[in-house]
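Trainee: Questions regarding the structure given below will be posed in turn.
All of the numbers you see were taken from the coordinates with simple rules; none came from a lab. Keep in mind the model is a prediction, meaning the values are calculated, not measured. Cβ sites come from the backbone with ideal geometry, for glycine too, and all protein chains shown count toward neighbours.
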Amino acid sequence: MCPRAAALGLRPGQALAQARAICPELTAIDADPAADRAALDGLAGWCERFSPLAAADPPDGVWLDITGCAHLFGGEAELAAVLAALLARNGLNSRLAVAGTPGTAWALAHATASEQTSVLPAGQETAALATLPVALLRLDPRSIAGLHGLGLRSIGELARLPRADLSARFGPLPVLRLDQAQGRAAEAIAWPHPPVPWTERLAFAEPIGTPEDLTRTLVRLAVLLCTRLEAARRGGLGFVATFFRVDDARLAIAIGTALPVRDPRRIAGLLSDKLEQVDPGFGIEAVVLEATATAPLAPPQMALPHTAPSGTIAADTALADTVDELANRLGPARLWRATPQESHVPERSVRRVPPLAPASSWSRGSTAERPLRLFRRPEPIEVTAPVPDDPPLQFRWRGVLHRVCAASGPERIAVEWWRRHTTPPDRPETDLVRDYYRVEDIEGGRFWMFRTGLNTGGSAARWFLHGLFG
């Protein structure tokens, strides 16, 4: 209820006909709960400029955990004043409350219909709640009506009753809400983003916007974050820098590293390469840097002179720097290396992994020669062979006839038994077994081909070319 509507005599819960009798020019609009919830979620995301922990509290509230954030604004009262001013600038009426528990903050914010800001010192929750109505404990309507029937109007009166009697008559909720509001029981809030312990934030008295200022900010934040990472003997694998503009827009750039790092200049340098994606608009008023993924990183071992191979650590670091530069410019999906995979089927025996990922411990069991070039998909060919088990005499590939002068094989390769149960029903079981041959034509070309299927039941075997030797 906005102040103007209250001044006209309108009250929450009135029938529409009664409201129109009081205010004939009243315009009624159908409620859209989905749009209201989306707007509330957007408001919670906007509030992340004050704290990384912000969550919507339907239908009309937002939770903010400002633990460890208030000093960045000069204190809790100053943070609340800045938040109220920004909300008013965006046309939003607000009632703010700061308290040591979520339940007390919620009760104080809903205790009055007028716009105000309440900042309660820690440890005064019980005294502040004593005179407030029991409805402000976030109870269900049935419990509130039952408590009113017993003559209990304030939270202080409720707190003086025996807990066993309350739980027996109204269930565990009234006692739980009372304990949560007074700080005797913990209350969990479903934050949309999990708490990120590795985060640093800088707010500015005057907005900044030049690339030089943004770069210096990233360096300063990286130094603060890496100092904490070093104390915990950890390094970051992913970093996100979020920029909050004065027009309430939120921009973010992200980087990833192949190995855990905590070098401030390296982190700031990789982020600075992406600053061209950040449009400062009329200015940036706050920047947040967080390490989205971390891993243990022990300090490097310092080698004594002439006792260890020189350049080993430096070489690894240089390679990681190069990989990070390429991956963040081209995209991590475009930078990879091949490693063996546990499968004898040629097209599944190799997979892509990050450039500096640990090498696979699996080695192919077969010692048979493999082609240098393996086709992405086997290509069908026409083959002439004397009997089904003999190597081909000639074959036609891409319209060209090749006469075979030498051949070896077959080498039988079968699909893993656990994959056979996922084979489409229209595919014959014999297609899961391949007989490979290495052949050479009269012009010196060497080919790797296989036969699948059997010449039985009116279905002929099929031949495919799978790779080239040299």
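Trainee: Under 8 Å for C-alpha pairs, at least 6 residues apart: give me the relative contact order for the chain, rounded to a whole percent.
Mentor: Values: 685 pairs, mean separation 37.7, N = 470.
Averaging sequence separation for qualifying contacts and normalising by length gives 8 percent for the chain.
Trainee: May I pose another question? How much FRET efficiency would the formula 1/(1 + (r/R0)^6) give for Ser408 and Arg376, where r is the Cβ-Cβ distance and R0 is 25 Å, rounded to 0.05? List each step's numbers first, then the result.
Mentor: Numbers: r = 25 Å, r/R0 = 0.99.
Using R0 = 25 Å, I get an efficiency of 0.50.
Trainee: Another question, if that's okay. Could you work out how far helix 76-89 tilts from the main Cα principal axis of the chain, as a 0 to 90 degree angle to the nearest 10?
Mentor: It works out to around 80 degrees.
Trainee: Further question: Under a point-charge model restricted to the Cβ atoms of Lys and Arg (+1) and Asp and Glu (-1), what is the dipole moment magnitude of the chain relative to its Cα centre, in debye to the nearest 20? Show your work: numbers first, answer last.
Mentor: On the way: 50 positive and 51 negative charges, 182 e Å.
For this selection, approximately 880 debye.
Trainee: Then there's this: Rounded to whole Å, give me the distance from the Cα center of segment 207-250 to that of segment 148-188.
Mentor: Answer, in whole Å: 45.
Trainee: Provide Rg and Dmax in Å for segment 114-219, with only Cα atoms included in the calculation.
Mentor: Values for segment 114-219 (Cα only, Rg and Dmax): 21.6, 67 Å.
Trainee: Moving to a separate point now. Which net charge results when you count Lys and Arg as +1 and Asp and Glu as -1 among the other residues whose beta-carbon is under 11 Å from that of Pro58? Walk me through the numbers before you get to the answer.
Mentor: Numbers: positive: Arg37; negative: Asp36, Asp41, Asp57, Asp60.
Neighbour charge sum, excluding Pro58 itself: -3.
Trainee: Once you have a ≥ b ≥ c as the square roots of the Cα gyration tensor eigenvalues for segment 48-205, tell me rounded if a/c is under 1.5, and otherwise prolate or oblate according to whether a/b is larger than b/c. Before the final figure, lay out each step's value.
Mentor: Details: a/c = 2.24, a/b = 1.86, b/c = 1.20.
Prolate, since a/c reaches 1.5 and a/b exceeds b/c.
Trainee: Between Leu132, Val119, Leu356, whose Cα lies farthest towards the positive end of the dipole of the chain when Lys and Arg beta carbons carry +1 and Asp and Glu beta carbons carry -1, centred on the Cα centre?
Mentor: Leu356
Trainee: Set the Förster distance to 22 Å, then compute FRET efficiency between Ala249 and Arg329 from the Cβ-Cβ distance, nearest 0.05. Working shown, then result.
Mentor: Values: r = 25 Å, r/R0 = 1.14.
Once the sixth-power term is evaluated, E becomes 0.30.
Trainee: Still on this structure, I have one more. Using only Cα atoms and rounding to the nearest 10 degrees, what angle (0 to 90) does helix 312-330 make with the longest principal axis of the chain?
Mentor: 80
Trainee: Normalising by the residue count of segment 28-182, find the relative contact order in percent from Cα pairs under 8 Å and 6+ residues apart. Mind showing how you got there, number by number?
Mentor: Working: 170 pairs, mean separation 23.3, N = 155.
Computed value for segment 28-182: 15 percent relative contact order.
Trainee: OK, next. Residue by residue through segment 220-225, what is 3J(HN,Hα) from phi via Karplus (6.51 cos²θ - 1.76 cosθ + 1.60, θ = phi - 60°)? Round to whole Hz and write x for glycine and proline.
Mentor: 5, 5, 5, 5, 4, 5
Trainee: Can you find, among Leu8, Pro59, Cys47, the residue farthest towards the positive end of the dipole of segment 1-60? Put +1 on the C-beta of Lys and Arg, -1 on that of Asp and Glu.
Mentor: Among Leu8, Pro59, Cys47, the one farthest towards the positive end of the dipole of segment 1-60 is Leu8.
Trainee: Kindly state, to the nearest 0.05, the FRET efficiency for Val223 paired with Ala38, given R0 = 51 Å and r defined as their beta-carbon distance. Numbers along the way, then the final one.
Mentor: On the way: r = 38 Å, r/R0 = 0.75.
For R0 = 51 Å, the calculated efficiency reads 0.85.
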